[in-house]
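Participant: Attaching a single structure in structure tokens format; questions to follow.
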Amino acid sequence: MKSILKISFLLVLSIQTGCSPVARLNHLLTHHPELKIPDTLVISDTIAIPQVETDTLIHLDSIQDTIILQKERLEIKISRIHDTLYIRSKSKPDTIIVNNRIPVERIKLVSQDKLDNLISKIPWLIGGLIGLVVLIIVIVLKFFK
């Protein structure tokens, strides 16, 4: 009698557990590829370039005035003080933005109507009823022995 109870318990347990949600989703997507929607994920990454500054000294008697050179981010200042030539260079900070596009697939959500929802619950109802009937049979057989 105990072996019948163990077998019926294992049968009901195996019917009730079924597959994991991930396995069911993979099975569904392999049989219905129209539920996958191609999409693109955009990741923006910012790279900051810091300011760079340099100094150089040169002895030169020929320059009498200050010279300033500027172009975009770079500024160079050359000046003469007594017998020394000062060269100062500055590069302004900059930011580089990199956009990476990664193709991914999304799952299309389709809402079920009431009839489909009821039909999807039928296996669970049948499994529960079978388990209940087996439990009642085991209890009745136990009392009548």
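A short reminder: the numbers here are calculations on the coordinates, not readings from a lab. Keep in mind that this is a model prediction, so the values were computed, not measured. Here the Cβ positions follow ideal geometry from the backbone for every residue, glycine too, while neighbour counts run over all protein chains shown.
Participant: Could you give the angle, 0 to 90 degrees to the nearest 10, between helix 21-31's Cα long axis and the longest principal axis of the Cα atoms of the chain?
Facilitator: 90
Participant: Here is a further query. Taking every pair of Cα atoms in the stretch 87-131, average 1/r, invert it to obtain the Kirkwood radius, and report Rg/Rh to two decimals. Walk me through the intermediate numbers first.
Facilitator: On the way: Rg = 29.3 Å, Rh = 17.3 Å.
Reported Rg/Rh (Cα atoms, Kirkwood Rh): 1.70.
Participant: Based on Cβ point charges of +1 for Lys and Arg and -1 for Asp and Glu, what charge dipole magnitude is obtained for the chain about its Cα centre, in debye rounded to the nearest 20?
Facilitator: About 1520 debye.
Participant: Which net charge results when you count Lys and Arg as +1 and Asp and Glu as -1 among the other residues whose beta-carbon is under 14 Å from that of K108?
Facilitator: -1
Participant: Taking a temperature of 20 °C and a viscosity of 1.002 mPa s, what whole-number D in µm²/s does Stokes-Einstein yield for the chain with Rh from Kirkwood over alpha carbon pairs?
Facilitator: For these conditions, the coefficient is 89 µm²/s.
Participant: Same structure again: At 222 nm, what helix-only mean residue ellipticity would the chain give, in deg cm²/dmol to the nearest 500, using -39500 (n - 2.57) for each DSSP H run of four or more? Each step should come with its number before you reach the end.
Facilitator: Numbers: 3 runs with 58 residues, N = 145.
Only helices count here, giving -13500 deg cm²/dmol.
Participant: Then there is this: Can you count the Lys pairs in the stretch 55-145 whose Cα atoms are under 30 Å apart, with each pair 8 or more apart or on different chains? List each step's numbers first, then the result.
Facilitator: Numbers: K71/K90; K71/K92; K77/K90; K77/K92; K108/K121.
Step by step, the pairs that qualify in the stretch 55-145 add up to 5.
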